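Dropping the structure in here first, questions after.
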2 protein chains.
Amino acid sequence: MFIVKSIDETIKIIKDNFDDYILRKMIIEVEDSLNYISACDILSLENVPHFDRSIVDGYAVDFNSVKLATNAAPSILKLNGEVLMGQEAKSIITSDSTVYVPTGGHLPKGANSVVMIENTDRLNDEIIVNKSVSIWENVLKMGSDISIGTNIISKNTLITPLVIGALKSIGIEEIEVYDFLSVSLISTGDEIVKNKQKLEIGEIRDINSFTVSNYLKNKNVIINDSVIINDNFKQYKEAVIRGFENSDIVIASGGSSVGDKDYTYDILKKLGADILVHGINIKPGKPTIIAKYNNKLFFGLPGQPTSAFFVLNTFINTIINTIYHIKNVMPIPYIEAILQINVHSVTGRRLYQLVKVEYNENNELIAIPLFAKSGMINALKEASGYIIINEFVEGYDALKTVKVYKLGD
Amino acid sequence: MFIVKSIDETIKIIKDNFDDYILRKMIIEVEDSLNYISACDILSLENVPHFDRSIVDGYAVDFNSVKLATNAAPSILKLNGEVLMGQEAKSIITSDSTVYVPTGGHLPKGANSVVMIENTDRLNDEIIVNKSVSIWENVLKMGSDISIGTNIISKNTLITPLVIGALKSIGIEEIEVYDFLSVSLISTGDEIVKNKQKLEIGEIRDINSFTVSNYLKNKNVIINDSVIINDNFKQYKEAVIRGFENSDIVIASGGSSVGDKDYTYDILKKLGADILVHGINIKPGKPTIIAKYNNKLFFGLPGQPTSAFFVLNTFINTIINTIYHIKNVMPIPYIEAILQINVHSVTGRRLYQLVKVEYNENNELIAIPLFAKSGMINALKEASGYIIINEFVEGYDALKTVKVYKLGD
């Protein structure tokens with residue numbers, strides 16, 4: 001019998017039980033670190049910029065020397081050459097001299113502002129300044145982007161393209177990260193066959209190992225191995241043990257319900273695993289098992305492809321974020337669309353309803369529910385996303401504006 | 001001088017000018033096809049399931065033989081064995097016999113319904129049926145998920161984990177796809193250095209090639225080469241020509257404005273490229289160039305890392321979808337959060353404002369604008385996402401609920 005848990009209870013159980021993984025650390029090139037999770041804090045040892053820079057094309061000045069400048073009564077300065085990009089300024093600015101500085105160029109000694117070229121005129125070697133500037137105007141001061149000691153990345157943070165840019169900007173070449181999580185996949189069922197040319201009556205091609213493994217690839221989870229096991233207690237048990245030897249997480253599909261040949265529960269019991277969840281209040285996807293074995297997570301998905309996919313989609317982000325201790329996680333983004341037909345639900349059970357989103361003739365986004373018997377892959381692959389009808393309502397009426405979440409986010 | 005185009009005009013120009021790319025096709029294993037774009041339609045040559053299946057554990061019957069069954073007056077049938085999972089049913093159902101069928105098992109000849117085991121009792125070799133069933137109740141008919149001739153994937157469609165599952169369910173092993181798009185990257189600027197241990201005054205480490213290349217990696221775009229070029233007309237021109245020889249798209253950062261050493265425009269003119277956009281009404285990011293050369297796209301980004309990143313983020317999806325002819329593209333999803341301080345904007349120019357999103361003490365999502373001078377990588381890498389203030393308003397007040405888009409989506 002199931003002792004059914006709510007989705008929120010299940011999320012709490014995952015958070016409470018899987019934050020003590022022993023993660024493999026490694027040092028890799030920053031250039032190769034995209035989508036890894038940092039295993040260290042990095043503080044900057046450099047200033048960015050590491051010199052005062054002009055942020056406009058113009059003339060470097062001591063702001064005092066042009067503080068009265070107007071169109072009617074301009075200040076006149078002697079032009080003393082120019083600063084070249086990528087090079088240290090050679091001249092020193094005095095109260096009656098200036099130097100041309102391009103955007104990004106080094107602000108010379110003695111200068112503390114830059115007059116934009118648009119606010120000047122040039123007459124031979126004289127620069128006529130028509131507008132005053134305030135101190136440090138048009139200057140990006142040394143260290144104002146990143147100063148020495150600035151935290152560039154904290155431990156347990158996703159390394160994004162922008163983080164890589166920030167690390168490279170301060171000359172960091174290597175970073176300690178956690179290795180990607182690895183998974184051993186098991187598909188169970190006497191009827192399941194894989195890569196077979198011609199099916200016999202009674203046989204079904206494996207779907208789950210392909211949908212699950214490719215879904216996980218997009219989450220940067222490594223699939224170590226993927227096997228099909230008959231409904232055979234001994235073989236299945238051995239596959240589970242091997243999976244835990246090989247990988248951080250074991251994910252099995254099928255066998256997680258309470259029928260005669262649903263061995264998952266009994267195998268986990270026999271192995272002495274701690275069964276944390278057996279049955280979740282989610283439609284589709286009720287027969288789900290979550291267990292802890294040797295401090296690792298076992299995730300038993302329903303055999304039906306749609307159900308397996310939804311359960312994975314619902315809990316995998318929590319699993320990954322918990323294992324890596326990722327904080328400040330954003331909710332899943334959505335788009336809004338107009339529901340086209342009524343969707344009925346049952347109070348007390350959260351429903352995930354697949355929808356196809358498209359534009360109607362008025363260029364409004366509409367959401368068309370895709371109804372299909374449990375496990376139908378064809379409807380699933382048409383879906384743009386899903387809507388969630390929570391436990392406390394009986395459904396949504398047509399023309400309601402609903403939030404559509406993208407599958408896989 | 002810029003002839004500034006709006007963002008919407010720019011998007012239309014991309015759509016109108018880059019839908020005639022000559023794409024490289026190749027045939028790959030379905031197992032390796034994740035995130036590729038299909039170059040063919042695939043229709044199913046098989047039914048899924050390819051036999052009538054029970055969707056419950058129960059007894060296969062001719063519905064006529066139990067149509068009067070109730071608790072008070074049950075129908076009694078002779079049990080004639082069981083169907084094994086993965087095997088063809090051996091028995092034939094008659095009006096007074098039944099066979100046990102597990103969930104997913106083959107429905108025997110003569111049967112057209114399955115009575116759930118919960119609605120039966122067993123007495124030796126007799127099954128006592130307490131409830132009637134309708135015709136085809138609890139049966140998933142042959143081809144009801146996918147029938148022969150069903151379109152599984154259309155040309156120019158993203159291959160998702162679910163599409164792979166659907167293709168494998170009908171025994172498809174190979175698929176024709178378009179090769180991933182490739183990019184040659186050019187960073188320009190006399191002050192830019194890469195992988196240098198110690199900077200001289202005036203030098204700045206390259207950021208754009210790392211942020212841009214890693215951003216594109218997450219979009220499954222291949223970086224063929226990435227070079228740094230001084231502000232030298234000849235070298236830059238040669239780099240552009242080489243880029244077009246090597247790759248589908250050339251992306252350059254820097255040199256796209258209208259200053260002395262901004263050579264991008266002149267080089268494209270000299271090469272005879274068709275300059276479609278020079279200057280976009282977007283903040284940050286105005287000095288952007290889009291050109292067509294040899295039927296390929298040149299994308300000239302501003303030199304400032306923040307600006308370059310925003311421009312890329314704003315237009316790359318349109319570029320990719322246009323080149324691959326991907327239809328029915330969803331808008332970018334968002335989350336809603338409460339803006340914490342006023343954000344001012346200028347009417348007539350669309351503003352992209354970085355924000356950091358977090359939960360406050362009341363567990364509400366709040367959006368904190370990150371203000372920074374143009375090009376500051378440190379603020380950028382802290383951002384959870386951005387808000388868009390369109391051309392027609394002067395800004396948003398604090399406490400307004402705003403839509404926050406994730407960077408990179």
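Rounded, prolate or oblate for the range B:334-406? Axes are the square roots of the Cα gyration tensor eigenvalues, ordered a ≥ b ≥ c, and the cut-off for rounded is a/c under 1.5.
On the way: a/c = 1.92, a/b = 1.21, b/c = 1.59.
In terms of gyration-tensor shape, oblate.
Right, something else. Please work out whether the range A:192-243 counts as rounded, prolate or oblate from its C-alpha gyration tensor, where a ≥ b ≥ c are the square roots of the eigenvalues and a/c under 1.5 means rounded, while otherwise a/b larger than b/c means prolate and anything else oblate?
On the way: a/c = 3.03, a/b = 1.20, b/c = 2.53.
It is oblate, given that a/c is not under 1.5 and a/b is not larger than b/c.
Let me ask something else. Rounded if a/c is under 1.5, else prolate if a/b is larger than b/c, else oblate: which is the protein assembly as shown, with a ≥ b ≥ c the root eigenvalues of its Cα gyration tensor?
Prolate, because a/c is 1.5 or more and a/b exceeds b/c.
Here's another thing I want to ask about it. Helix B:233-246 sits at what angle to the longest principal axis of chain B, using alpha carbons and giving 0 to 90 degrees rounded to 10?
Value to nearest ten degrees: 20.
So, one more: Students often forget the sequence filter, so: which lysines lie under 17 Å Cα-Cα from A:K194 once same-chain residues fewer than 8 apart are removed?
B:K168
Using alpha carbons only, how many angstrom separate the centre of the range B:80-97 from the centre of the range B:135-161?
27 Å
Partner chain Cβ atoms within 10 Å, averaged over the residues of A:164-177 - can you pull that number for me?
If you average over the peptide's residues, the count of other-chain Cβ atoms is 5.
Which residue of chain B is nearest the rotation axis onto chain A, counting by its Cβ, and what is the distance in whole Å?
B:P333, 2
While we're here: Sequence neighbours fewer than 8 away in the same chain don't count; with that in mind, list the lysines whose C-alpha is under 20 Å from A:K67.
The qualifying lysines are A:K78, A:K109, A:K131.
Rounded to whole Hz and in sequence order, give me ³J(HN,Hα) for the range A:73-79 from the Karplus expression 6.51 cos²θ - 1.76 cosθ + 1.60, θ = phi - 60°, writing x for Gly and Pro.
Computed from phi, the couplings for the range A:73-79 are 10, x, 8, 10, 10, 7, 7 Hz.
What's the magnitude of the charge dipole for the protein assembly as shown around its Cα centre, counting Lys and Arg as +1 and Asp and Glu as -1 at the beta-carbon? Answer in Debye, nearest 20. Provide the component values of the computation, followed by the final result.
Details: 80 positive and 98 negative charges, 64 e Å.
It comes to approximately 300 debye.
While we're looking at this one, here's another question. What list of ³J(HN,Hα) couplings, whole Hz, do you get for the range B:156-165 from phi and the Karplus terms 6.51, -1.76, 1.60, once you set θ to phi - 60° and write x for glycine and proline?
6, 10, 5, 8, 9, x, 6, 5, 4, x
Still on this model: Over the range B:334-406, what relative contact order in percent results from Cα pairs under 8 Å that are six or more residues apart?
Over the range B:334-406, the number comes to 49 percent.
Rounded to the nearest 5, what % of the DSSP beta bridges within the range A:248-301 are antiparallel ones?
So the antiparallel bridges amount to about 65 percent of the total.
By DSSP, what percent of the beta bridges with both residues in the range A:53-140 are antiparallel, rounded to the nearest 5?
80 percent
What per residue convex hull volume, in Å³, do the alpha-carbon atoms of chain A yield?
So the per-residue Cα hull volume is 225 Å³.
Relative contact order for chain A: what is it in percent, counting Cα pairs under 8 Å that are at least 6 residues apart?
Relative contact order, chain A: 16 percent.
Count, for each residue of A:45-54, the Cβ atoms from other chains sitting within 10 Å of its Cβ, then give me the mean as a whole number.
Taking all residues of A:45-54 together, the mean is 4.
Please report the antiparallel percentage of DSSP beta bridges with both residues in the protein assembly as shown, rounded to the nearest 5.
Bridges in the protein assembly as shown are about 70 percent antiparallel.
Can you give me the angle between helix A:7-17 and the longest principal axis of chain A, using Cα atoms only, in degrees from 0 to 90, rounded to the nearest 10?
Once rounded, one gets 70 degrees.
Amide H of B:I229: which non-local residues (sequence gap of 5 or more, or other chain) have their own amide H closer than 5 Å, using H built in the peptide plane?
Result for B:I229 returns B:S187, B:T188, B:G189.
Give the nm distances, rounded to one decimal, from A:K219 to the matching residue in every other copy, measuring between label points 7 Å along Cα toward the beta carbon; shortest first.
2.6
With chain B treated as a Gaussian network of Cα nodes joined by springs under 10 Å, which of B:G110, B:G143, B:G254 yields the largest mean-square fluctuation?
Judging by the Gaussian network model, the answer is B:G110.
Pick from A:N342, A:N363, A:N224: which is most flexible by mean-square fluctuation in a GNM of chain A where alpha carbon atoms under 10 Å apart are linked?
Fluctuation is largest for A:N363.
Sorting check: for B:321-329, B:256-264, which peptide has the highest mean count of neighbouring beta carbons within 10 Å, and how do the rest follow?
Averaged packing, sorted descending, gives the order B:256-264, B:321-329.
I need the inter-copy label distances for B:E394: point set 7 Å along Cα to C-beta, values in nm with one decimal, smallest first.
5.0
Under the convention of a label 7 Å out along Cα→Cβ, give the distances in nm from B:D96 to the same position in every other copy, shortest first.
Spacings between copies for this position, smallest first, are 12.7 nm.
Per DSSP H run of at least 4 residues, take -39500 (n - 2.57); add these up for chain B, divide by its residues and hand me the 222 nm value, nearest 500 deg cm²/dmol.
So the helix-based figure for chain B works out to -6000 deg cm²/dmol.
Using only Cα atoms, tell me the angle between helix A:305-323 and the longest principal axis of chain A; keep it within 0 to 90° and round to the nearest 10.
50 degrees
Suppose every Lys and Arg Cβ carries +1 and every Asp and Glu Cβ carries -1, with no other charges. What dipole size does the range A:334-406 come out with about its Cα centre, to the nearest 20 debye?
360 debye
Starting from the range A:169-244, pick out the GluC sites (Glu not before Pro) whose DSSP state is loop and whose Cβ has at most 16 other Cβ atoms within 10 Å.
Within the range A:169-244, the qualifying GluC sites (Glu not before Pro) (loop, at most 16 other Cβ atoms within 10 Å) are A:E173, A:E200.
Take A:I222, B:I146 and order them by how many other Cβ atoms sit within 10 Å, fewest up front.
A:I222, B:I146
Could you check which residue among B:N195, B:N47, B:N378 shows the biggest mean-square fluctuation in a GNM of chain B with a 10 Å Cα cutoff?
Result for chain B, Cα springs under 10 Å: B:N195 fluctuates most.
Return the average number of partner chain Cβ atoms within 10 angstrom of each residue Cβ along peptide B:96-102.
For this peptide, the per-residue mean of nearby foreign Cβ atoms is 1.
Bear in mind these aren't lab numbers, they're just calculated from the coordinates by the rules spelled out. The structure displayed is predicted, hence computed values, not measured ones. Methodologically, a virtual Cβ is constructed for each residue, glycine included, from the backbone with ideal geometry; neighbour enumeration extends over all protein chains shown.
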